[in-house]
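Engineer: Take this structure first; my questions come after.
The values are calculated or read from the model by the stated rules, or taken from the named source; none is laboratory data. Quick caveat: nothing in here was measured; it's all calculated off a predicted structure. So basically every Cβ, Gly included, is an ideal-geometry build from the backbone, and we count neighbours across all protein chains shown. Ligands, DNA and RNA are stripped out before the accessible areas are found, and what is left, the full protein with its side chains, is counted by its heavy atoms. Shrake-Rupley method; radii C 1.70, N 1.55, O 1.52, S 1.80 Å.
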Amino acid sequence: MVVGFVSFENAEQLKSAVEELEGKSFGNKNLKVANVIPRPFERKVKSAMAATLNSQQTIDDASIKENAGVSIASNEVQDGATNCDGSALDDSTSKAKCARDAVTPFAHMPYGDQLEHKKNSVMQMLKKLTRNARKACPNGVSLPQWVLQSRERGGLPCEVEGIIESPVVNGYRNKCEFSVGYSQQGKPTVGFMLGNFREGVTAVEEPVDCPNVSKIACRYASTFQEFLQHSSFPIWNRFKNTGFWRQLSVREGRSAGKVADENFEANISEVMLIVQVCSVGLDEAEVTNEFERLAQAFAAGAAANSPPLPLNVFVVQDHQGISNVAPTDAPLRSIPIPKTESSLQPETANNIIEARIHDCISNLRFSISPTAFFQVNTLAAEKLYSLAGEWAGLGPDTLLFDICCGTGTIGLTLAHRVGMVIGIEMNASAVQDAYKNAEINGIKNCRFICSK
């Protein structure tokens, strides 16, 4: 499904474009033109959104409706469909009744069954690869050996050894990106979208009962959501591409040491919060004041928890693009975190803290900047990197290339098994992190190149 979104300045332009484009053929496919603005919800939901409006006079009614919208074929509510809280659901969202269904669709299965399901999915894709390779081979050219031998493996191009289990199953993600939007009831919400924007789904629901998300990340999402109920700044409208509040990212750093599911969260020692906004056309002094208020809310929320939550860095990312996926050079701004009596922030002489946190893989300590890539499942990454090293047949004379190396985690964890590591990465801040990580861990046989 290939989709494009086009905006027009007025109705006349829209009408002429539809007449021109509708039914045009491209290759063997015909172009379909449809209105992206979703239909309104049934009356109950609209009434709830009107109630929200009464308490927030600054937000435009149409903006709320469009931002909470779900494209539907019918405005009727499907019999028996219910939301997470038991309330009636719109027909179109019965596919994903809550954030748990949208984000972790296998969560209802035992973990062993999940692994088997994923293995079967991979095997089907590999079989398709074999069939396509067989068809694509030109006449008169011998089939590759792996294709010829695939019949002996039931159509597989290679042996499939299964999927390695994650050492921790619950709350394992060290980075979560929460969308800012409106729930189906029209409430400003920080969580996960119930579907794809290309399907017209922009309703956001809280990350309740999502097993891959840590409790700490959920608590910060809840703190931010409460703050938005009283903010005069508008929430990002995905149809109009206007608004201010867009996204919250929570990054966590864990201390070294063995952990299990039941005490995994106790090892989280550092937290970075990244709030994405679009400040175009807004008064800078008012924006700065709003960030200070938010920093106070985060600090108070962290201190009110028992035990207090770690909070080391608060960064704001300013991004004007349509998608929340910002370029690596999008402006970043560190916001000071006010001290509280029960604060877990590190003491500094001038209250200036570098915008980075730390995590551990294979007993190595890694420094992570706001936009740098880092494996989201730290303990599973340890097993992955170890296996990669075994399969690579490493030795003291090996020159190891770590392609798209990010912060250098793979190369650095394997550096003690090879002669030299060359890491290559496009993200300049990640390359700086990689050099810093080599220095932190006293590793001398690594070089990093910032390039394609």
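Engineer: Tell me the carbon and sulfur percent of the accessible area for segment 362-450, rounded to whole percent, probe radius 1.4 Å. Walk me through the intermediate numbers first.
Structural biologist: Working: 2510 of 4260 Å².
Here carbon and sulfur together make up 59 percent of the probe-accessible area.
Engineer: Please list 406-412, 250-256, 12-18 highest first by mean number of surrounding beta-carbon atoms within 10 Å per residue. Write out the running numbers ahead of the final one.
Structural biologist: Details: 406-412: 26.7, 250-256: 21.6, 12-18: 12.0.
Most protected by this proxy first, the peptides run 406-412, 250-256, 12-18.
Engineer: Right, next: At 0.36 nm per residue, and after removing the present C-alpha to C-alpha distance, how many nm does the segment from residue 289 to residue 420 gain when stretched out fully? Numbers along the way, then the final one.
Structural biologist: Values: separation 131, 0.36 × 131 = 47.16 nm, distance 4.95 nm.
Roughly 42.2 nm would be gained on extension.
Engineer: Taking loop as defined by DSSP and a crowding limit of 16 other beta carbons within 10 Å, which GluC sites (Glu not before Pro) in segment 105-179 fit? Before the final figure, lay out each step's value.
Structural biologist: Working: sites: 116, 152, 159, 161, 165, 177; in loops: 159, 161, 165.
Sparse-neighbourhood loop GluC sites (Glu not before Pro): 159, 161, 165.
Engineer: Using the structure shown, list the pairs from 128/240; 240/452; 29/127 with a Cα-Cα distance above 31 Å, or answer none.
Structural biologist: Correct reply: 128/240; 240/452.
Engineer: Return the distance in nm (one decimal) between the two label points of a simple spin-label model at residue 22 and residue 280, each offset 7 Å from Cα along Cα→Cβ.
Structural biologist: 3.0
Engineer: Here's another thing I want to ask about it. Which of 97/187; 119/383; 118/383; 97/119; 175/383 have a Cα-Cα distance over 21 Å? Let's see the in-between values first.
Structural biologist: On the way: 97/187 16 Å; 119/383 18 Å; 118/383 18 Å; 97/119 26 Å; 175/383 19 Å.
Result: 97/119 exceed 21 Å.
Engineer: Also: Dividing the convex hull volume of the alpha carbon atoms of segment 175-338 by its residue count, what do you get in Å³ per residue? Please report the intermediate quantities before stating the final value.
Structural biologist: Details: hull volume 21.4 nm³, N = 164.
It is 130 Å³ per residue.
Engineer: A follow-up question, please. For segment 125-274, which whole-number percentage of the solvent-accessible area (1.4 Å probe, protein heavy atoms only) is attributable to carbon and sulfur atoms? Don't skip to the end; give the middle numbers.
Structural biologist: On the way: 3410 of 6920 Å².
Exposed carbon and sulfur together represent 49 percent of the surface.
Engineer: Where only protein heavy atoms count, and the probe is 1.4 Å, what is the accessible area per residue for segment 112-153 in Å²?
Structural biologist: Details: 3180 Å² over 42 residues.
Per residue, segment 112-153 has 76 Å² of solvent-accessible surface.
Engineer: Karplus couplings for segment 421-430 from phi (6.51 cos²θ - 1.76 cosθ + 1.60, θ = phi - 60°), rounded to Hz, Gly and Pro as x?
Structural biologist: With coefficients 6.51, -1.76 and 1.60, one gets 10, 10, x, 10, 7, 7, 6, 4, 5, 5 Hz.
Engineer: Moving to a separate point now. Of the listed peptides 21-28, 331-338, what is their order by residue-averaged count of other C-beta atoms within 10 Å, with the highest listed first? Spell out each step's value before the answer.
Structural biologist: Values: 21-28: 8.9, 331-338: 15.2.
Averaged packing, sorted descending, gives the order 331-338, 21-28.
Engineer: Oh, and also: Hey, what's segment 158-216 come to in accessible area per residue, 1.4 Å probe, Å²? Let's see the in-between values first.
Structural biologist: On the way: 2380 Å² over 59 residues.
I get 40 Å² per residue for segment 158-216.
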